[in-house]
Each structure stands twice: as C-alpha cells, then as structure tokens.
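The numbers here are math on the coordinates, done by the rules we state, and not lab data. Only a predicted model underlies this, so the values are computations on that prediction, with no experimental measurement involved. FYI the Cβ positions are ideal-geometry reconstructions off the backbone, even for glycines, and counts take in every protein chain you see.
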C-alpha cells in the first residue's frame, strides 16, 4: 500500500469522524488497481483499531472502500461483517439486510447469514410487542444487571424500527441510571444526541462516561472523545458549534495522563504540540511513545533525540529572555 494511503489511515485513526478525510481514504483506495495481502492486513488493523474506539461508522466506510476490490468468498466475509456491524452496533436493520442479502447471493447455502436475515425479519414484524416485553421485564427485575440489559434491548429494538421515537432516549437513560458503566448504552446515547445536535447534553454524557470509568484506558478513551467533540465539531453534524481548542487540549492531556501508553492520545497530542511548537510537551509525549513501543537499544537513541527537543526549547527561552 502506498505511503500516502498508510498516512491517511493513520490520520483516520485520530480523526475517524472526519467525513472529508474518510472520503479521501476511500478515493485513494478506489484508485488502486487492486489490493495486496499486505494492503488488506493494513485495512484490517485499521478497522480493528477503529472498532476499539467504538467508531463503527468509520468501520463500515472502510469496509465499503475495500469491497471495491474484493470478490468471491472474501467479499462475502466482508459483507457479512458489514451486516453484523450495521445490525448490532449502528442499529440499521435496512442496511444490514441489504449487506447480508448480497453476502447470501455469493454464499446461498450459508446458514449463519440466512439465520441473521430471518431473525431481523421476525423482530421487525413484532418489534412493538418485543419492546414492551423488554420494558416490562426491566421494570419487574430485581437483578440490576438484567434490568439495565432489558432497557438497553428495548431502546435498540425501538431505534431499529422507529428511530425518532422518544422511547429510544428514555430507555437508554433508564439503562444508564441503573448501571452508568453500561458501555453500549453510553455509546448509543451519545450517537443519539449527536444525531439530534444536542451538543451540551452530548458533552455531559461523554463526561459522565469518563467519570464512572474505573479503568484508566476507558477513562482516557472518554476524554479523547470529549476532546474530539470540542476540536472537531465542525466536521461532525454540528456545524454551528464553535471549536474550543483550549478545552480540547485539556481533555487530550487528561487522557494522556490517565493512559500514557494510548497510541491515540500520543498521536493526537503530538500533532497539536507540533503545530503549536510546544516542544516540551512534544518531548514528553515522544518519550512515552518511545518507552512503550520500541526495543531498549532503539529507545535510547530516540530518547537522546527527545532530549534534544528539550535543549532546543531551553535555548529558545534563553534567547527570548535576552
């Protein structure tokens, strides 16, 4: 894969919500005459990283870009994956059925795909009754874990069939009232608020996710998402929202402090510090990146270079002081 595409994929990992960047990645991939095994491995790794961030829409776009060059059984596998993501994560049954039917055309005897399509159809015919059943079970449950799962299921089946229903938000919030750490309910609520353009509530939901996270990696991920909201609002469906660089930087630095080994935090802060010529900040991030990713003998050499950044900054400060 060309260096330019690899660079774009690396940028996409930092800005998966950037529709312009995603379009550029898709165009670059489409222009190629084909994909090598190495190319497909790079795309698969990029998808896996985006999945770990919960950026399912970007995962689907990458699959679509790859499908341009794939046929046969590999194409069926990708279409099955796309259908599963649309069904389970993005709650888009119509898109899921379309992808799964295309996969079934390539593998007409695949029972897994047949079962998925059949299940979607059965639920669609009875979704209101199913949603009511989930809510009733949630309200009657004495087990908090069961209750939060049932409210989540009610929200999901409603969203799939009536996405504008107020019941979607109501059930998601009730699920989170019982278990504020329910990651899927949090992800759905945030995506719901984003689609409605309710920015302050979205920021509050992301901040709440950060506050209740007991694992540093999850806290860092939430702070990174909050920083993205402040910094990249203009490329989200929130064109009227002003970019707040200072608040974004606070969030990114909090994410790095919580999880210094986070590649996403490292890359995001490195780009900002480089653009703003904050050499001390850049050096601290690079030092952690070196320690966490490189063998000892290479790390020593790189740390010497990091030390040079500190030295340059000190020299510039002395020069400014006269």
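Between 123, 285, 157, the Gaussian network model of the chain with springs among Cα atoms under 10 angstrom shows the greatest mean-square fluctuation at 123. With respect to the chain, whose longest principal axis is taken over its alpha-carbon atoms, helix 127-140 is tilted by about 70°. A compact globular protein would have a Cα radius of gyration near 2.2 N^0.38 Å; the ratio found for segment 3-125 is 1.08. The modelled label-to-label distance for the pair residue 271/residue 196, using points 7 Å beyond Cα in the direction of Cβ, is 3.0 nm.
Over every Cα atom in the chain, the radius of gyration and the widest Cα-Cα span, Dmax, amount to 22.5, 79 Å.
Computed from Cα atoms, the angle from the helix 93-106 axis to the main principal axis of the chain rounds to 90 degrees. Considering only 100, 146, 194, the mean-square fluctuation computed in a Gaussian network model of the chain, springs between alpha carbons under 10 angstrom, is largest for 146. Averaging the Cα positions of each part gives two centres, and for segment 136-207 and segment 1-49 these lie 32 Å apart. Ranked by how many other Cβ atoms sit within 10 Å of their own Cβ, fewest first, the residues 270, 186, 165, 33 fall in the order 33, 165, 270, 186. Residue order for 223, 150, 22, fewest other beta carbons within 10 angstrom first, comes to 22, 150, 223.
Report the relative contact order of segment 7-130, percent, no decimals, based on alpha-carbon pairs under 8 angstrom and at least 6 residues apart.
Rounded, it is 18 percent for segment 7-130.
For the listed peptides 255-265, 124-134, a ranking on the average number of other beta carbons within 10 Å per residue, highest first, reads 255-265, 124-134. For the chain, the relative contact order works out to 9 percent when only alpha carbon pairs closer than 8 Å and six or more residues apart are counted. Under a Gaussian network description of the chain, with springs only between Cα atoms under 10 Å, the residue in 106, 79, 218 that fluctuates furthest is 106. With neighbour counts taken as other beta-carbon atoms within 10 Å, the residues 53, 230, 252 rank, fewest first, as 53, 230, 252.
Counting only alpha carbon atoms, the long axis of helix 3-14 and the longest principal axis of the chain meet at about 70°.
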